[in-house]
Structure formats: C-alpha cells, structure tokens
Amino acid sequence: MTADFQSKDFQSKTGARVELLPLARFTTLGVGGEAEVWFVSNHEQLAEAMAQPYRILGGGSNLVIADAGVPERVIRLSGPLAERDLTPDPELSGGDGIVTGWVGGGVPLPGLVRALQKLGYSNLEGTVGIPAQVGGAVWMNAGTRYGEMFDGLHTLEIATPDGLKVVTPDDLRWGYRDSGIPRNHIVTRVRLKLQRTAPEDVLARMTLADTARKGQPKMKTPGCAFKNPGGVGAGRLIDEAGLKGTRVGNALIAPEHANFIVNLGGATAADVHALLDLIRERVGVPLELEYELWPGEADRSATPVAASQWAAEPE
Ligand code: FAD
Ligand code: EPU
C-alpha cells in the first residue's frame, strides 16, 4: 500500500491540524500503522477533509487496523465537535422529558454516561462501559441488553458527501448494532432525548449493566469480534468449538470470554485476522463480524451514498 503523505505535520487551508501518526495509539486493541490524521473542529474543516478519500475514526474501540496503516485521510472530531451541552432545550423539553443541546460526535461516551447519571437523566445508562465516542457508538448503535444508543437520541446531525443533514431516529432503519446510517457519513453532533430520574436509580441500572460485563477480559481488545446470531451468543458458539485460549502470534482468544480477541503485547493485525478466519472455519454457523477491518471488507472509502438513500429528510 502506498500513501501520498505530506512530508510533515501541517495546517490545512481551513485550519485543521494534520499529522502523520501511528493509528495503534487511537485504538483499544493497540494495533495499526500510520495514516494522515485530520483533527477537525468545525464543519468547514470537516468539509475540506471530506473532499478527498477519508475514513472517520471514533474511540477506536471496534477497529482492527492493518499494520501498514491506511492510505486515506483519517478524520478525528475535536474541539467543539468533541464538546457537550447537556442543558435542557426549553422549547423541546417538558415534564420529565428532556432534550439536550448538541453533543459532539467526538465526545467520549463513558464520561457522558457518568455526567448524565449525576444530573439524574436516564435513557443511556445501559451503554455504561462502552469505550466509544458518541459518533462511533451512534453509528454502530452500540449497546447491551440493558439499553442502546438509540434509546436516547432525539436528533442527529450527519455530514454526508452531499452536505449536512439533520435527521431523527424515525428516519433511519436502525436495529441491533446497526444505525442504518450509510458508510462514509459522519455523525457530527446529536441531541439527546432523556428522562428525569433520581440519580441513585440511574446508578442502580448502570451497576446492573456493568455487572453483566464482569466476565469480559481486561486486556487490550476491540470488544466482541462477532455479532450475536439469533438465539445463541457468538461467544458460546466459539467456546463450544473449543477455541478459547487459541493463540496466533501475540493475539489470543480470551480464556474469559471466547468472543473477545486480546492483544498479549506486540500483536499484529495479521495475527487477529488469522484468529477470525479460524473461528469462521470452526464454528458451524455463519457469523457476522462486529469489528471493522481497515482496510478490508468494511472499507469506508467506498463510493459515497446518494442522499436519496435517506428514508426522509426533515427540515
Ligand atoms: P471506532 O472503533 O473508532 O469506529 C467504529 C466504526 O464507527 C468505524 O466504521 C468508524 O468509521 C465509525 N465511526 C466512528 N466515529 C464515527 C462518527 N462520528 N460518525 C460515523 N461513523 C463513525 N459495543 C457494544 O455495542 N456493546 C458493548 O457492550 C461493547 N463493549 C465493549 C467493551 C470493550 C472493552 C471494547 C474495547 C469494545 C466494546 N464494544 C461494545 C465495541 C465498541 O465500543 C462499539 O462498537 C463502539 O460503537 C465503537 O465506537 P468507536 O467510537 O470506538 O468507533
Ligand atoms: N458464554 C459462553 N462462553 C463464552 C462466552 C459466553 O458460554 O466464552 C455464554 C455465557 O455464559 C452466557 C451467554 O454466552 O450464557 C452470553 O454471554 P454474555 O452474557 O457474556 O453476553 P454476550 O452476548 O456474549 C453481549 C454483547 C456485549 C455486551 C454484553 C453485556 C454482543 C455481540 N455482545 O455479550 O457487547 O457487553 O452482552 O451486555 O452483542 C460488544 O458488542 O463488543 C460487546 C462487548
């Protein structure tokens, strides 16, 4: 793979900071080679960054990035696009129902969930423990059996190759680990739809959701490798195939939970790919990957999707 990088860090025409950086440092797996990272803090900078092939990087908690990196620009939301305004909007809020100001796609989800609990606002507590950014969590509709991102969304602002769109969840065909938002579209900001609840009740529900992940490994990992097929969990299927503890290079199928691949230190993307292939070969039923492989079957620099794909476009 070749990349046409500028020789050193620079500021783009609109003022975005651009740096050639190893992507491993942005991922929870700790794997991934270099790319040109664009730190964009406003819509103008975003539009400039999106003018060439790009990918959008959130918390890096669902990514397996090639050791050679990626040739496209990697966009990271920063500044105001990583800030949150949790003040209830007086026009949209009423009774116990609250609609917040804008929350940037680059906001870390764990801190947001903690802040909502302290304020006594519920609806997103089921996502506790997910080390994502808001934009990435929305794009995946990340969640647990105690709740998911779409439980708490009022409005989404999305940058598309055809410009900025504002949509509501009803405009999207969302479901389990799927927002229905096309690839190549960037969740820039959202408004949250929340419910006033006693902080201790929100905390109790967070504790319940947190307890469900006690058996998950604590090492570097991008979370669950495969989505759960209907009925039985992917972890159980991989476990029953006798694959727990299988190691390739420095990547390991976690002994604690078979749907997690962990980095023992110095793992490569190739090690992880080999384990994914082995799992698919040995488990009797087709499994859908939850990880994003960069570059790979989930290449986000694919042909932009036309705005007409949207189910509806509210004003
Ligand atoms: P990234 O990993 O950076 O990117 C993932 C995908 O989202 C990429 O395609 C990327 O391009 C896209 N993306 C990122 N930001 C944006 C944006 N602003 N707009 C549009 N697209 C964007 N997931 C669960 O659902 N439930 C869990 O309980 C859970 N537990 C986890 C536990 C651990 C320890 C770890 C490491 C992961 C876990 N995950 C879980 C997986 C992961 O946190 C989710 O998939 C999450 O949604 C990824 O978000 P991210 O911001 O890290 O995205
Ligand atoms: N199981 C096994 N062996 C294993 C792992 C699990 O037999 O190695 C069994 C468990 O004993 C249990 C069942 O499988 O009976 C389900 O396991 P668990 O409770 O751990 O939940 P999961 O379905 O494996 C899901 C999400 C997690 C989320 C947890 C907690 C998916 C793919 N996984 O795991 O999400 O944190 O529930 O709510 O939906 C992620 O998506 O990255 C993720 C970590």
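Computed from the coordinates by the stated procedures, all read-outs in this text should not be read as laboratory data. From a predicted model like this one, the values you see are computed outputs, not experimental measurements. Heads up, the Cβs are rebuilt from the backbone with ideal geometry, glycines too, and the neighbour counts pull from every protein chain shown.
Worth a mention:
- Sequence-distant lysines (8 or more away, or on other chains) whose Cα lies within less than 18 Å of Lys193: Lys118
- For the stretch 73-125 and the stretch 225-296, distance of Cα centres in Å: 33 Å
- Rounded to 5, percent antiparallel among DSSP beta bridges of the chain: 80 percent
- The chain - mean residue ellipticity at 222 nm from DSSP helices (-39,500 (n - 2.57) per run, n ≥ 4, rounded to 500): -5500 deg cm²/dmol
- Neighbour-count ranking [beta-carbon atoms within 10 angstrom, fewest first] of Tyr54, Tyr121: Tyr54, Tyr121
- Descending principal axes extents, the stretch 153-254, alpha-carbon based, whole Å: 47, 41, 28
- Alpha-carbon Rg with Dmax, taken over the stretch 85-236, Å: 15.6, 48
- Under 22 Å of direct C-alpha separation, and excluding same-chain neighbours fewer than eight residues apart, Lys218 reaches these lysines: Lys227, Lys244.
- If R0 is taken as 41 Å, the Cβ-Cβ distance between Asn42 and Gln195 corresponds to a FRET efficiency of 0.85.
- Prolate/oblate/rounded call for the chain, Cα gyration tensor, a/c under 1.5 rounded: oblate
- Residues whose amide H lies under 5 Å from that of Thr155, counting only those 5 or more places away or on a different chain, are Arg191; hydrogens are built 1.01 Å from N in the peptide plane.
- Using a Förster distance of 35 Å, the FRET efficiency for Arg25-Leu92 (Cβ separation, nearest 0.05): 0.35
- In sequence order, calculated HN-Hα J values of the stretch 194-208 (Karplus, 6.51, -1.76, 1.60; Hz; x Gly/Pro): 10, 10, 5, 8, 4, x, 5, 6, 5, 4, 4, 6, 5, 5, 4
- Projected label distance in nm at Thr211 and Asn250, using a 7 Å step from Cα toward the beta-carbon: 3.8 nm
- Annotation: amide H-H contacts under 5 Å for Arg84 (H modelled 1.01 Å from N, sequence separation of 5 or more, or interchain): Gly104.
- Cα-centred dipole magnitude for the stretch 83-211, charges only on beta-carbon of K, R (+1) and D, E (-1), debye, nearest 20: 260 debye
- Note, ³J(HN,Hα) from phi for the stretch 252-261, Karplus 6.51, -1.76, 1.60, rounded to Hz, x at Gly and Pro: 9, 6, 4, x, 6, 7, 6, 8, 10, 9
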